[in-house]
1. 222 nm [θ] for the chain, helices only, -39500 (n - 2.57) per DSSP H run of 4+, per residue, to 500?
2. Would you pull out the residues with amide H under 5 Å of Phe182's amide H, same chain only if 5 or more places away, H placed 1.01 Å from N?
3. Residue by residue through the range 242-254, what is 3J(HN,Hα) from phi via Karplus (6.51 cos²θ - 1.76 cosθ + 1.60, θ = phi - 60°)? Round to whole Hz and write x for glycine and proline.
4. Let me spell out the model: positive unit charges on the Cβ of Lys and Arg, negative unit charges on the Cβ of Asp and Glu, origin at the Cα centre of the range 26-263. What dipole size does that give, in debye rounded to 20?
5. Net charge around Ile257, counting only other residues with Cβ within less than 9 Å of its Cβ (Lys, Arg = +1; Asp, Glu = -1)?
6. Amide H of Met239: which non-local residues (sequence gap of 5 or more, or other chain) have their own amide H closer than 5 Å, using H built in the peptide plane?
7. Quick one: if the Förster radius is 41 Å, what FRET efficiency do Leu49 and Ser133 give, using the C-beta to C-beta distance and rounding to 0.05?
8. Please report the carbon-and-sulfur percent of the accessible area for the chain; probe 1.4 Å, protein heavy atoms only, DNA, RNA and ligands left out.
Amino acid sequence: MKKFLSIAVLSTILLSSCKKDSTPEYDPNVKADLSVEFDNIAGTADLQLNTGNYTNAAGESFKVTKLKYYVSNFKLTNANGTVYTVPQNDSYFLIDESDPATHEAELSVPEGEYTSVSFVLGVDSLRNTMDVSQRTGVLDVSGAAADMYWSWNSGYIFFKMDGTSPSIPAMGGVFQYHVGGFGGYSSPQPNNLKTITLDLTARGTPKVKASKSTNIHLMVDILKALGGTTTMSFATIAMIHSAAPGTPVANNYTNMIRHDHTEN
Ligand SMILES: [Cu+2]
């Protein structure tokens with residue numbers, strides 16, 4: 001009886017000590033899936049192309065007919081302080097609201113817990129000036145990037161939002177906000193590239209393991225591209241097709257993305 005009791009006590013101690021240590025073991029030499037989801041919204045409403053009615057900071061109502069933007073150059077900071085840079089060739093994504101299959105940037109990163117993520121909204125200047133053979137997939141100007149490229153100034157459109165607003169008297173009420181410009185070439189051109197860094201500790205850190213999928217869920221509020229540092233008015237500016245008039249929108253949208261939660 002006494003022997004039986006000591007075995008029972010021993011196994012309880014062992015079990016509880018195993019149970020307490022729930023921190024997953026990470027092998028940094030093993031790569032695992034991590035997705036970063038770009039969930040487009042307008043304020044508190046989900047963004048509905050063509051049908052959703054929204055009001056910008058200038059008090060103008062509008063609809064969105066197209067929303068596309070590049071995110072690239074992902075870096076992740078590990079809880080141990082090291083920074084993992086996703087290999088450049090695997091680090092370009094074109095988020096297209098009309099195509100749900102593009103809403104997640106699929107990354108492969110070393111196992112571990114990460115406390116922050118940073119990425120560029122746009123396509124970096126180096127890649128912009130690379131030979132076309134280095135600009136494939138979502139960067140292919142004869143394919144996926146055909147409507148995301150300014151051929152007249154050889155540069156990618158980083159952020160494209162088209163729509164309609166009754167506040168625009170002409171052109172059937174159409175607006176086209178196309179933000180680009182990496183600061184290159186002969187004529188000085190503003191650099192509208194923005195690096196966005198998000199702390200992940202407040203809303204749940206991703207714990208990346210090969211045995212499971214992990215998703216960082218970001219909310220992208222397009223109303224914040226139209227207000228914040230500068231209140232944009234469609235009645236005043238309906239068309240943006242070069243770098244300089246896009247700068248206030250780029251400065252605004254630096255604050256349009258927030259971390260909502262993480263699926264571990
Ligand atoms: Cu989610």
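1. Numbers: 3 runs with 34 residues, N = 264.
One gets -4000 deg cm²/dmol as the mean residue ellipticity at 222 nm.
2. Amide H neighbours of Phe182, under 5 Å, 5+ apart: Asn192.
3. Using θ = phi - 60°, the values come out as 8, 5, 4, x, x, 4, x, 5, 5, 4, 5, 6, 4 Hz.
4. Numbers: 15 positive and 23 negative charges, 94 e Å.
Dipole size: approximately 460 debye.
5. Every neighbour counted, the sum reads +1.
6. Gln176
7. Details: r = 34 Å, r/R0 = 0.82.
Efficiency, rounded to the nearest 0.05: 0.75.
8. Working: 7100 of 12590 Å².
It is 56 percent, rounded to a whole number.
The values are calculated or read from the model by the stated rules, or taken from the named source; none is laboratory data. Everything quoted here is computed from the prediction, not taken from an experiment. Because the Cβ atoms are built from the backbone with ideal geometry, glycine has one as well, and the counts that use them run over all protein chains shown. The area values use the complete protein model at the heavy-atom level, side chains included, leaving out ligands, DNA and RNA. Shrake-Rupley method; radii C 1.70, N 1.55, O 1.52, S 1.80 Å.
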